[in-house]
Amino acid sequence: MKRLFLAVAAITTLAIPATAAADTSPAAQVVVPRGQPVQIAFADDLTGSVSGFATSLANAVAMAVDAHPAIRGFPIQINLVDAPCGDPAADLAAATSIVSNSQNVGVLGQLCSVGFDQALPVYESAGIVTISASATDPALPSFAPSVFNRLAVSDACCPFVDQFSPWYATVTALPSDLAWQQAYSLRFGTAPTAFADLYYDAAGLLIRTIQNVSRIGGGGDLIIDRTALAQAVRGTMKYQGVSCTITLDRTTGNRLDDPTALSRCAADGA
């Protein structure tokens, strides 16, 4: 195991065994022993075609942890796992590695649609909720109908239409997003890459939802029901992120493209 050292909260980088295998049968609950961290996996692209984004996105996730450093008094640990874009075998191995750790409560990522479709059934089988902030393929919800969610708006299919790019151009010009970009630049000495703002929101949303559905057991352990967490994430309505108000479609987990909300967010701080 090796570690990736960042300027904010530490993120653990996990090696993926070449012959990774896991019991992906659903586990009803995650029980975090008293004094141990709540673990969240981040399926980032550390070695693939968009690895240039990896550190910026991990920094954004770590910033979200800094903003919400504990869940009911339990610290948060981000387990960074390599899920190279466009490599179905490696993406499947990454998903298998993530579900092998029964303490992983949820998954941020994966970054790209290609390969993610191979990984999603593994998460679905294990009942582990996922939130991608960059994969836009409209077909993805069908591979994990209960646990898939995304904070990047979906592209349209049949014929394929790029709906994400014009939407994201609007988002990155919002006063709230510009303020976040400035905060990121001040902290790290460089501007964030694309999608970093969305992964900041994804991490914050997941942390908040875990806070809402978790409870302290009689022995002081933190208990998180997987089904309740997945349902609560899917039911997200009007979560205020730096990328404006976030509401997810209850059927697909897709972020709703809400021009009215974007107009309101554009006016805020103007």
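Tell me, what % of the accessible area of region 65-178 is carbon and sulfur with a 1.4 angstrom probe? The computed percentage sits at 61. The base-10 log of I(q)/I(0) for the chain, evaluated at q = 0.09, 0.12, 0.15 Å⁻¹, reads -0.36, -0.67, -1.09 [Debye formula, identical scatterers on Cα atoms, solvent excluded].
Were the residues from Thr190 through Val31 laid out at 0.36 nm apart, the gain over their Cα-Cα distance would be 53.4 nm.
Sequentially through region 122-136, phi angles give Karplus couplings (6.51, -1.76, 1.60; θ = phi - 60°) of 5, 5, 4, 5, 7, x, 9, 5, 10, 9, 8, 10, 8, 7, 10 Hz, Gly and Pro residues having no value and appearing as x. The modelled label-to-label distance between Arg264 and Asp66, using points 7 Å beyond Cα along the C-beta direction, is 2.9 nm. Just to confirm the filter: which chymotrypsin sites (Phe, Trp or Tyr not before Pro) across region 180-216 are DSSP coil and have at most 12 other Cβ within 10 angstrom of their Cβ? When the chymotrypsin sites (Phe, Trp or Tyr not before Pro) of region 180-216 are filtered for loop state and at most 12 Cβ neighbours within 10 Å, nothing remains. With a sphere of radius 10 Å drawn around the Cβ of Ser243, what net charge do the other residues whose Cβ falls strictly inside it have (Lys, Arg +1; Asp, Glu -1)? Once all neighbours under 10 Å are counted, the net charge is -2. Among beta bridges identified by DSSP and lying wholly in the chain, the antiparallel ones come to about 45 percent. At an R0 of 41 angstrom, the distance between the Cβ atoms of Ser142 and Arg208 translates into a FRET efficiency of 0.90. Taking θ as phi - 60° and the Karplus parameters 6.51, -1.76 and 1.60, the scalar couplings of region 100-117 work out to 5, 8, 5, 8, 5, 7, x, 10, 9, x, 7, 6, 10, 6, 5, x, 5, 4 Hz in sequence order, x denoting glycine and proline.
The residues of region 125-270 present an accessible area of 42 Å² per residue when probed at 1.4 Å with all protein chains retained. Farthest towards the positive end of the charge dipole of the chain, among the residues Ala169, Pro84, Ile207, is the Cα of Ile207, using unit charges on the Cβ of Lys, Arg, Asp and Glu.
The values are calculated or read from the model by the stated rules, or taken from the named source; none is laboratory data. For clarity, every value in this text was computed on a predicted model and none was experimentally measured. For neighbour counting, all protein chains shown are included, and Cβ atoms are generated from backbone atoms with ideal geometry for every residue, glycine included. SASA here: full protein model, heavy atoms, side chains in, ligands and nucleic acids out. Shrake-Rupley method; radii C 1.70, N 1.55, O 1.52, S 1.80 Å.
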